[in-house]
1. Among residues belonging to region 243-285 that are over 28 Å from residue 312 (Cα atoms) and within 24 Å of the chain's Cα centre (by Cα), point out the one that is modelled with the highest pLDDT.
2. Among 196, 192, 162, which is at pLDDT below 55 and within 18 Å of residue 129 (Cβ to Cβ)?
3. How many residues, within region 116-145, are among the acidic types (Asp, Glu) and in contact (Cβ under 8 Å) with a residue 40 or more places away in the chain?
4. Yes or no: residue 53 under 30 Å from residue 283 (Cβ atoms) and assigned by TED's automatic domain parsing to the domain that holds residue 160?
5. From the list 102, 120, 91, pick out the single residue that is closer than 22 Å to residue 18 by Cα, assigned to a helix (DSSP H, G or I), of a type outside the set (Gly, Ala, Ser) and modelled with pLDDT of 95 or more.
6. Somewhere in region 216-223, is a residue modelled with pLDDT of 90 or more, hydrophobic (A, V, I, L, M, F, W, C), out of contact with any helix residue (DSSP H, G or I) (no Cβ under 9 Å at 6 or more places or on another chain) and surrounded by fewer than 21 Cβ atoms within 10 Å (Cβ to Cβ)?
Amino acid sequence: RARVVSAFFEAEAGRLAELCHAMARRFIRGGRLIAFGAGPAATDAQHVSVEFVHPVIVGKRALPALALSNDGPVSLGLVLTEGADFLTRQLSTLARPEDIALGMVHRPTDGGLEPVRRALRWSGEAELLAIGLTSAGADIDEHSCEVFSVASDDPFVVQEVHETLYHVLWELVHVFFEHKGLLEDRPEAAGHDSGHSSFLYPFLSAKETGLDAVLSDISRSIVAKAADVTEMRGAPERPGSLGETALAIAERVYGGGKILCFGNGGSATDAQDFVVDLVAPPPWMSPVSALSLTNDTAVISAVGNDVGFDNVFARQIIAHGGPNDVAVAISTSGGSRNVLAAVTEARKRGLLTVGFAGYGGGRMAELCDRAHVVAGDYIPRIQEAQASQYHVLRLLLAQLVNK
């Protein structure tokens, strides 16, 4: 992992800095970010959307973004009628020339490769800023879009690099809103001013107007951020801890149990990513029964409206949880009340409780039977390290439950 991450971001930092500038110019002219993928990459599209729309850094403005995979009925209907053109058709009904199209694929054998390839080709022809995140062997036409390919055939490692990449894009695109002189096509009274970010990027002067200098500083920042997450992933956890968790989960799976996953915001998309990896894994793994409690918008909105948002996961644990099951909670803070309520309910019902948390683990680490804590306090880096944790857990489970 460390070698792939370091090599990728050192090689691509300059292009990514230029991409941040190009995206800022699109946003400032009213463009939106439209993300898409299939399978596990569809959960990355959801993660992109929530990061840009709901910024975790105080003072950052929401930027318009959406994930095509959020509208499941539309996607499924178009798959049935349009086949490999389903993303293109969905995109063509929503996109405008100033928009940004971000398509993601984790492996060349992914069934979503051709739909993503076609959607990006259409995006380039329609004058959108088209961006493709791919892996080794997953070829996308570089004439139609900006392609960033991760030199790995491990889909889990590819996903982790993609996650760091789109987090970095989100973090650094805001820098250009602080340097209005670099947005020469900025319309009068344009929106998306993000407040002061000098405390985050002290190397950038608020009066800087030299594009080359800013791009150079951003490039260095990108490499530093990648190094930060590599260091965080390498922070010591008790040896064998994930292995012990895998054994405990496998025991429940052999007893006929299923895995119920949940979290909020970006952690909700991580919970969904873990479920996809369990239910629809790479071909060398056997599927494991799992359910995401973050997807049923009717249930979540009904429970939230009628009895409070703190109960949206606990109520589903009551409905779906059994004594052979496993509850997997993902949280950056370890203190989300609806997550704690669900873990408490799961313990009452005899479920094995597994938690992934940052910020020292919080109350969640105290409640869970098995807790895996990232020693960090910055949400994007915590989420990236957590992705590695549950990917390793999935690999360990494959060794135990593969048929």
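1. 285
2. Only one candidate passes the filter, namely 192.
3. Looking only at that region, the number is 0.
4. Details: under 30 Å from residue 283 (Cβ atoms): no; assigned by TED's automatic domain parsing to the domain that holds residue 160: yes.
Spelling it out, it is not the case that residue 53 is under 30 Å from residue 283 (Cβ atoms) and assigned by TED's automatic domain parsing to the domain that holds residue 160.
5. Working: 102 fails: assigned to a helix (DSSP H, G or I); 91 fails: closer than 22 Å to residue 18 by Cα.
After applying the criteria, what remains is 120.
6. No, every residue in region 216-223 fails to be modelled with pLDDT of 90 or more, hydrophobic (A, V, I, L, M, F, W, C), out of contact with any helix residue (DSSP H, G or I) (no Cβ under 9 Å at 6 or more places or on another chain) and surrounded by fewer than 21 Cβ atoms within 10 Å (Cβ to Cβ).
Per-residue answers, yes or no, for (1) outside any loop (DSSP other than H, G, I, E, B); (2) modelled with pLDDT of 95 or more; (3) of a type in the set (Asp, Glu):
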| site | (1), (2), (3) |
| --- | --- |
| 346 | yes, yes, no |
| 353 | yes, yes, no |
| 360 | yes, no, no |
| 375 | no, no, no |
| 380 | yes, no, no |
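Matching residues to (1) crowded, with 20+ Cβ neighbours inside 10 Å; (2) of a type in the set (A, V, I, L, M, F, W, C); (3) closer than 20 Å to residue 249 by Cα:
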residue	(1), (2), (3)
338	yes, no, no
341	no, yes, no
349	no, no, yes
359	yes, no, no
363	no, no, no
375	no, yes, no
382	yes, yes, no
392	no, yes, yes
398	no, yes, yes
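The values are calculated or read from the model by the stated rules, or taken from the named source; none is laboratory data. Remember, predicted model here, so these are calculated numbers, not experimental data. Glycine gets a Cβ as well: all are built from the backbone with ideal geometry, and neighbour counts include every protein chain shown.
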